[in-house]
Amino acid sequence: MSSSRRPLRVLHTADVHLESDGYGDARQQAAHQARVRRVLSRIVDRALSDRADLVLIAGDLFDHNRVSDEAIDFVRAELARLRQPVVILPGNHDALYTNAIHDRHDLAAGLSHVRVIRRLNGEVVDFPELDAVVWGRAMEEHEPGFQPLAHIPGRDDRRWHLAMAHGFFYEARQRPDRSSPIFADEIRDTGWDYLALGHQHVQTDVSQGGVVACYAGAPVTDWGGRDQVGAVLRVDLSVEDGIRVAPRPL
Ligand SMILES: [Mn+2]
């Protein structure tokens, strides 16, 4: 490995599920939606206070595709508080099909530091100022045939290689009965530095071989009608100390 790569600090979140409307009566739902918005603000605060170089949102930022323009304006205003790059991957709740949320709205419009992954066969976003690249594959259909890590390219040793994927983790190869499968051997075979995963709402380390891979967990979880505020992951990458992942409270 080249020793020229600068240390990199990443903030990783996923499954924010803004504007979720499956909670109790109208009053409970409004309270829940307000809480999730406050938590998004705290994620932005955390990225600023922890001086993250890069923010990764690994799917399901939005709970559904009927999100109001006002909610989009709120998200854009929060993202505008950041100066560091933000990469957003569509998930199964905000998948990238025609007339869905990321088709009707461009979160990156006017926000030059925000990037939404849109290529259905995957794309690399290069951050030369960070010695880093981010890869992701946009989801159009959440189905067993969609493999979020398919087509991930090889790597080089000059830059940190970070990937994003939203799907269901399988320990062993099998014919998947769940949609958007992510297999353990696929994670290992990427050889990449860090995989920022989303979809499983409990924070989980699924690292394989030398590849560090984590589900960030949902920052707000509904436990029997009561919201519980969780955490985000802070990932520090350095040639000297390796890759360290730490949950950061919100
Ligand atoms: Mn999901």
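The values are calculated or read from the model by the stated rules, or taken from the named source; none is laboratory data. All figures in this text were calculated on a predicted structure; none of them were measured in a lab. Ideal geometry is used to build each Cβ from the backbone, glycine not excepted, and the neighbour counts take in all protein chains shown. Protein only, heavy atoms only, side chains kept; ligands, DNA and RNA dropped before computing areas. Shrake-Rupley method; radii C 1.70, N 1.55, O 1.52, S 1.80 Å.
Roughly what angle does helix 26-49 make with the longest principal axis of the chain, taking Cα atoms, 0 to 90 degrees, to the nearest 10? Helix 26-49 and the main axis of the chain meet at about 30 degrees.
Heavy-atom accessible surface of the chain, averaged per residue, reaches 44 Å², computed with a 1.4 Å probe. For the chain, the longest principal axis of the alpha carbon atoms and the long axis of helix 69-80 meet at an angle near 40°.
With N counted as the residues of the chain, its alpha-carbon radius of gyration over 2.2 N^0.38 Å works out to 0.95.
Which percent of the accessible area of region 1-159 is formed by carbon and sulfur heavy atoms (probe 1.4 angstrom)?
On the way: 3230 of 7020 Å².
Accessible surface attributable to carbon and sulfur in region 1-159 totals 46 percent.
Amide H contacts under 5 Å for residue 166: 198, restricted to partners 5 or more places along the chain or on a different chain, H placed in the peptide plane at 1.01 Å from N. Comparing mean-square fluctuations of 68, 20, 41 from a GNM of the chain with C-alpha springs under 10 Å, the top value falls on 68. Taking amide H as placed 1.01 Å from N in the peptide plane, residue 214 has its amide H under 5 Å from the amide H of 195, 197, 206, each at least 5 places away in sequence or on another chain.
The phi-based Karplus calculation (6.51 cos²θ - 1.76 cosθ + 1.60; θ = phi - 60°) puts the 3J(HN,Hα) values of region 92-102 at 7, 7, 10, 5, 9, 10, 4, 6, 7, 4, 7 Hz, whole numbers, x for Gly and Pro. When you filter the trypsin sites (Lys or Arg not before Pro) in region 134-170 for DSSP loop state and at most 15 other Cβ atoms inside 10 Å of their Cβ, you are left with 158. Taking 129, 78, 143 in turn, the Gaussian network model of the chain (Cα-Cα springs below 10 Å) assigns the largest fluctuation to 129.
Across 113, 161, 12, mean-square fluctuation computed from a Gaussian network of the chain (C-alpha pairs under 10 Å connected) peaks at 113. Heavy-atom accessible area for residue 166, with the other protein chains in place and a 1.4 Å probe, reaches approximately 0 Å². Once C-alpha pairs closer than 8 Å and six or more residues apart are averaged by separation and normalised to the residue number of the chain, the relative contact order reads 21 percent.
Spin-label model, residue 6 to residue 240: label points 7 Å out along the Cα-to-beta-carbon direction sit 1.6 nm apart.
For residue 180, the residues 5 or more places off, or on other chains, whose built amide H falls under 5 Å of its own are 143, 145, 146.
Rounded to the nearest Hz, the phi-derived 3J(HN,Hα) couplings of region 54-60 under the Karplus curve 6.51 cos²θ - 1.76 cosθ + 1.60 (θ = phi - 60°) are 7, 10, 10, 10, 8, x, 6, where x marks glycine and proline.
Approximating the spin labels as points 7 Å out from Cα along Cα→Cβ, the residue 177-to-residue 112 distance works out to 5.2 nm.
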